Amino acid sequence: MEHANDITLTVNGTRVSRRVPARQHLVDFLRDELGLTGSHIGCEHGVCGACTVRVNGEIVRGCLMLAVQADGCTVDTIEGLSDAKELEALQKAFHERNALQCGFCTPGMLMAALDLTKKNTKVTREEIRAHISGNYCRCTGYQAIVDAIEEVVNGQG
């Protein structure tokens, strides 16, 4: 039997305690143990960004962090940020600009975009592209995504 650890963390404002396998990734814990399926599992190597969540205020790849590493942390997922209306402006801009197609990358993309809105006031399109470069989208070609983020971050539209 694999070694297990007890962890306690706050997920989307709710304190959670569980016994988890030592090698369980944070994204698997969120999806399988808590039913928070908004963070997707894509590459499982930290390359695609589909599993992006916020841990103690910083975005991380949920497939690269173990659940035991999140012990004592505050974790925010797309579900919690959406419920708190933290993503409302970005969601609206993504919808209006058709910055989504299949939707698989959208939660991670929104998490990365939200991080950018909190760090800067005015940004260039190149800075937006650089900031979201760790989040792959195979459908849109990024133009509409960059348009939507630029609208929110730079107060355009």
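Brief remarks follow.
- Exactly one residue out of A112, A50 is under 30 Å from R19 (Cα atoms), under 16 Å from the mean Cα position of the chain (by Cα) and not assigned by TED's automatic domain parsing to the domain that holds S17: that is A112.
- Being among the acidic types (D, E) and crowded, with 19+ Cβ neighbours inside 10 Å is not true of D6.
- Residue ID - surrounded by the fewest Cβ atoms within 10 Å (Cβ to Cβ), chosen from residues in segment 123-145 that are without any contact (Cβ under 8 Å) to a residue 24 or more places away in the chain and farther than 21 Å from H40 by Cβ: E126
- Each residue in segment 2-36 was checked for being among the hydrophobic types (A, V, I, L, M, F, W, C) and in a strand (DSSP E or B), and 6 of them qualify.
- Total residues in segment 10-31, condition among the aliphatic types (A, V, I, L, M) and under 17 Å from the mean Cα position of the chain (by Cα): 4
- For segment 112-143, the set of residues classified as in contact with a Cys (Cβ under 8 Å, 6 or more places away or on another chain) and either of a type in the set (D, E) or closer than 17 Å to L90 by Cα (or both) consists of N135, C137, listed by residue number.
- Boolean, D83 is surrounded by fewer than 16 Cβ atoms within 10 Å (Cβ to Cβ), in contact (Cβ under 8 Å) with a residue 60 or more places away in the chain and out of contact with any Leu (no Cβ under 9 Å at 6 or more places or on another chain): yes
- Filter result (under 23 Å from L114 (Cα atoms) and in contact with a Lys or Arg (Cβ under 9 Å, 6 or more places away or on another chain)) within segment 1-24: L9
The values are calculated or read from the model by the stated rules, or taken from the named source; none is laboratory data. Note that the coordinates shown come from a computational prediction; the quantities given were computed from them, not determined experimentally. When we count neighbours, we look across all protein chains shown, and the Cβ atoms used for this are built from the backbone with ideal geometry, even at glycine.
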